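For reference, the structure is listed below as structure tokens.
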Amino acid sequence: MTNKTSEKIFIMVPAYNEEKTLESVIVDLLDSKYYVVLVDDGSKDNTFQIARTIQKKYHNNLFIHKHIINRGLGAAIKTGIQASINHDASYIVTFDADGQHNPQDIINVLKPLKDKTADVVIGSRIFSDMPITRNFGNYLMNILTFIFHGLYVHDSQSGLRAFTVDAAKKLKLNYRGYDISSEIIREIKANNLKFAEIPITTIYTDETMNKGTNTTVGLKILFRMIIDSFKINK
Amino acid sequence: MLIYQIIFIPISLIALIAILIRQKEGRSSLLSFLLSLLAVLIVLLLCIFPDITTNIANIFGIRRGLDFIFILGVLGCYILIYKMYIMLDNLENELTDLVRKIALKDEYNEQDDD
């Protein structure tokens, strides 16, 4: 349904110790006829083995890459984007492996790209639905991202994003951790990419609450942005 | 003579001799020799003529010479930590690039053995 004509939609899924949720997330995407690039970021659990088992059934649509050691979310996303480009993707969507995203939202975030009204789309989670501990942190990150990178986004830390392949090729990404989300915003601004925000639904479970941008991660991102602002060559 | 002068003057002299011996034996580069020599001579000079630091401190609006040295030391440490952070970050980036190259080269497909 979504992967028609010559347009190749690649869903890029970074995964680190996601054995509990990986199968349902990946199979849902594959059943929707998307190409999936899974980057196992040096998982210590059975993430990789589960992915390989799924691949036996979906060998034409599932591409697996493995970081031999854990390098962080940002590093995994960059690997996944490069792998998607190597497979001649038309559109690249980043999608979390913890089960927090609804695959139906992919259609919505792709629409502005297909209509050529945007080069990049960020899926915005609805903050009022978010647990209070996350709500404040994410709001703060939006403000900090705006201060350091000059673009206000309603959900700068969202894991569901979509890019045209041309836009993805322009991104110069170097951050290794969760700070990649802010770096992507920086690159949107730096490359003058057309940008849209689409509301998405989020499924909050214990798994999704244990990962993502908490206070410690937020402070690390702030530290990184401060240090980076002193660097001459970014 | 003050206590720190009694401690630091012999230490500086020993360091000076060690630096000269290392240079004579060809175990240090010219740049590291000159930098080490400069550092030891400054310490020696400040130990013998402690009033110099007060004079320099006064130029910067700091009253005591010792405060001036302390501030310089803290500042030096910060610069060193920053440089080490950048160096470590670059190393981490290089490691990540290497891991990525391996990951992209070794794409797993259905025909591969686990």
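Considering region A:55-80, and only residues there that are open to solvent by 10 Å² or more (accessible area, probe 1.4 Å) and closer than 20 Å to A:S32 by Cα, the residue that is nearest to the other protein chains (Cβ to nearest Cβ) turns out to be A:H59.
Based on what the data block shows, is B:I102 open to solvent by less than 90 Å² (accessible area, probe 1.4 Å), under 27 Å from A:R71 (Cβ atoms) and part of a helix (DSSP H, G or I)?
yes
Checking the structure you have, find out if any residue of region A:124-141 is under 15 Å from the mean Cα position of the chain (by Cα) and of a type outside the set (D, E, K, R).
Yes; the residues of region A:124-141 include at least one that is under 15 Å from the mean Cα position of the chain (by Cα) and of a type outside the set (D, E, K, R).
Condition first: outside any helix (DSSP H, G or I), loosely packed, with under 11 Cβ neighbours inside 10 Å and within 14 Å of another protein chain (Cβ to nearest Cβ). Can you find one or more residues in region B:82-90 that meet it? No, every residue in region B:82-90 fails to be outside any helix (DSSP H, G or I), loosely packed, with under 11 Cβ neighbours inside 10 Å and within 14 Å of another protein chain (Cβ to nearest Cβ).
Of all the residues in region A:43-54, those that are touching a helix residue (DSSP H, G or I) at 6+ places or on another chain (Cβ under 8 Å) and within 9 Å of chain B (Cβ to nearest Cβ) number 1. B:I62 falls short of the stated requirement of being open to solvent by 50 Å² or more (accessible area, probe 1.4 Å), aliphatic (A, V, I, L, M) and either touching a residue at least 60 places away in the same chain (Cβ under 8 Å) or more than 24 Å from A:K220 (Cβ to Cβ) (or both).
The values are calculated or read from the model by the stated rules, or taken from the named source; none is laboratory data. Just so it is clear, the model here is predicted, and its values are computed rather than measured. As a convention, Cβ positions derive from the backbone with ideal geometry for all residues, glycine included, and neighbour counts pool all protein chains shown. Heavy atoms of the whole protein, side chains included, go into the accessibility calculation; ligands, DNA and RNA do not. Shrake-Rupley method; radii C 1.70, N 1.55, O 1.52, S 1.80 Å.
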